[in-house]
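Down below is the structure, laid out as structure tokens.
The values are calculated or read from the model by the stated rules, or taken from the named source; none is laboratory data. These numbers were taken from a predicted model, which means no experiment stands behind them. Note that each Cβ is placed from the backbone with ideal geometry, even for glycine, and that neighbours are counted across all protein chains shown.
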Number of protein chains: 2
Amino acid sequence: MQPPEQWVEELLKLNDQDEKMTDKQLRIIQAAVETFSVKGYAASSTSEIAQKAGVAEGTIFRHYKTKKDLLLSIIAPIMSKLIGPFILRDFTKVIDAPYSTYEDFVRAIIRNRLEYARNNLPVIKIFMQEIPFQDDLKKHFKELVSKHVISRVIKVIEQYQQKGALINVPPLSILRFTISAVFGFVMTLLILMPEADWNEDEEIELTIQMIMHGIARSADDQALQNE
Amino acid sequence: MQPPEQWVEELLKLNDQDEKMTDKQLRIIQAAVETFSVKGYAASSTSEIAQKAGVAEGTIFRHYKTKKDLLLSIIAPIMSKLIGPFILRDFTKVIDAPYSTYEDFVRAIIRNRLEYARNNLPVIKIFMQEIPFQDDLKKHFKELVSKHVISRVIKVIEQYQQKGALINVPPLSILRFTISAVFGFVMTLLILMPEADWNEDEEIELTIQMIMHGIARSADDQALQNE
DNA sequence: GTGTAAAGTGAGTAATCACTCATTATTTGA
DNA sequence: TCAAATAATGAGTGATTACTCACTTTACAC
């Protein structure tokens with residue numbers, strides 16, 4: 001069993017019940033995260049999780065009433081953390097920051113989400129794999145995203161549009177486009193092509209450039225080349 | 001049981017064994033697709049599929065040796081269809097077409113993939129939900145994508161870069177960016193926000209504009225606004 | 001119409017599963 | 001140190017599952 005990783009520390013921080021997790025409970029969670037992320041929740045047995053954790057199967061049910069409660073104890077805390085940058089307290093600073101550009105905003109989001117994803121990959125995998133099947137969770141996450149992400153970022157986008165920094169198209173379309181590019185970047189880097197030799201800082205800047213200015217060569221650039 | 005939909009016709013077309021599917025086999029597949037896409041493969045029982053298809057459970061095993069064979073019979077054919085536009089015969093036309101732009105290329109891909117996804121949504125859902133857990137399939141799909149999509153589209157991108165139409169950055173980055181934007185668009189439209197009132201043609205053009213020119217307002221645009 | 005092959009059935013099987021609970025072990029507080 | 005509370009155990013349970021197979025039904029060829 002590996003030493004605790006970042007995502008374990010995140011889980012500990014988010015423990016709502018202020019009670020100290022026992023060593024065995026911690027090992028149960030670690031084993032569950034490993035098994036759920038590799039095999040999927042439905043194909044993972046409590047027997048296997050117990051063996052992997054080095055505890056009796058009944059011990060799992062000392063701590064969690066059902067297998068699903070174990071899953072939820074892993075997934076539920078991650079939802080607010082996934083939209084963490086957009087939580088009000090932190091987010092207000094971004095909007096009010098002087099000299100701030102949408103570009104800086106996107107850069108901060110990419111770096112922050114990339115770092116978070118890198119340190120919480122197994123739990124994020126479980127979340128993405130399970131959300132299609134857990135209607136309660138899906139609904140709750142949609143509400144969280146709608147309330148904390150979409151409405152807020154759209155306000156940010158509108159402000160930058162009024163400043164003349166962003167094109168005049170529906171803010172939701174800009175949001176969708178931005179999130180697609182960021183998500184595709186993070187997914188490619190961490191899950192789809194982890195073995196590829198990306199220069200990460202360059203790719204971040206490149207991604208931001210492409211988001212802001214696209215991939216078409218401008219007429220100015222072409223004129224310069226023709227000289 | 002609904003009348004056959006597009007994805008059923010696609011499956012019939014791809015039947016490798018040139019044998020006619022019986023009515024019951026067809027109903028088994030339809031029921032399996034419905035159940036797998038909603039509950040996931042591991043949480044779907046052959047008993048439920050049989051009931052839904054209106055056949056005896058043993059009938060499933062008359063046609064498929066294992067439950068997994070049933071799944072594979074649904075998923076495997078979709079892999080080549082997912083990269084269909086990039087298959088050599090059709091793809092060569094795109095490269096050789098006169099007056100063709102990368103923008104037209106992307107537009108064609110978006111329209112084609114959107115139409116395909118719309119008509120094959122349940123099967124695509126199953127594919128995306130299962131690929132993380134089926135190592136053989138994942139490996140095979142990666143090879144298909146690598147051989148037929150990445151290598152080819154990178155050649156296209158390089159050609160447009162030489163023509164001066166695209167910026168001089170690594171082609172793989174452009175590919176990643178383009179696919180992210182297209183995928184994000186299709187996912188949003190069909191799965192994440194199907195209830196939103198998108199004007200589809202406008203959003204396609206918008207997405208292409210943002211891919212090509214980004215979302216930053218150009219200096220020319222800003223100067224015009226200042227007048 | 002008859003015989004054979006193919007399709008279909010559903011009761012049954014062995015295995016697996018989430019979970020229980022009587023018992024044992026460990027921890028805690030006085 | 002001791003009693004009570006808490007944590008842990010693992011054999012057992014009832015339910016569920018993928019699959020089998022003897023039997024029945026249907027289709028096909030002559």
What is the one condition in (1) within 8 Å of chain B (Cβ to nearest Cβ); (2) closer than 28 Å to A:Val123 by Cα that A:Met193 does not satisfy?
(1)
Residue check: is A:Lys155 in the same structural domain as A:Thr188 (by TED's automatic domain parsing) and surrounded by fewer than 14 Cβ atoms within 10 Å (Cβ to Cβ)?
yes
With the checklist (1) within 23 Å of A:Asn119 (Cβ to Cβ); (2) more than 8 Å from chain B (Cβ to nearest Cβ) in hand, flag the one item A:Glu158 doesn't pass.
(1)
Those residues that are within 8 Å of another protein chain (Cβ to nearest Cβ) and within 14 Å of A:Met212 (Cβ to Cβ), I need them from the range A:175-184; list them, please.
A:Phe177, A:Thr178, A:Ala181
Got a sec? Which of B:Tyr64, B:Tyr41 is touching a helix residue (DSSP H, G or I) at 6+ places or on another chain (Cβ under 7 Å), of a type in the set (Ser, Thr, Tyr) and surrounded by fewer than 21 Cβ atoms within 10 Å (Cβ to Cβ)?
B:Tyr64
Give me the pairs, please: first residue somewhere in the range A:24-50 and within 14 Å of another protein chain (Cβ to nearest Cβ) and near DNA strand C (Cβ under 9 Å from one of its atoms), second residue anywhere and aliphatic (A, V, I, L, M) and not in a helix (DSSP H, G or I), beta-carbon distance under 6 Å, and either six or more positions apart or on two chains.
A:Ala42/B:Ala42; A:Ala42/B:Ala43; A:Ala43/B:Ala42
Looking at A:Val123, is it surrounded by 15 or more Cβ atoms within 10 Å (Cβ to Cβ) and either facing another protein chain (nearest Cβ under 10 Å) or under 25 Å from B:Gln209 (Cα atoms) (or both)?
no
Any hit, the range A:143-151, residues being under 19 Å from A:Ser100 (Cα atoms), out of contact with any Ser or Thr (no Cβ under 6 Å at 6 or more places or on another chain) and in the same structural domain as A:Arg118 (by TED's automatic domain parsing):
yes
Among the residues that make up the range A:129-150, is at least one of them more than 9 Å from chain B (Cβ to nearest Cβ), under 23 Å from B:Glu130 (Cβ atoms) and touching a Lys or Arg at 6+ places or on another chain (Cβ under 8 Å)?
yes
A:Ser45 vs (1) at pLDDT 95 or above; (2) assigned by TED's automatic domain parsing to the domain that holds A:Asn119: all pass except (2)
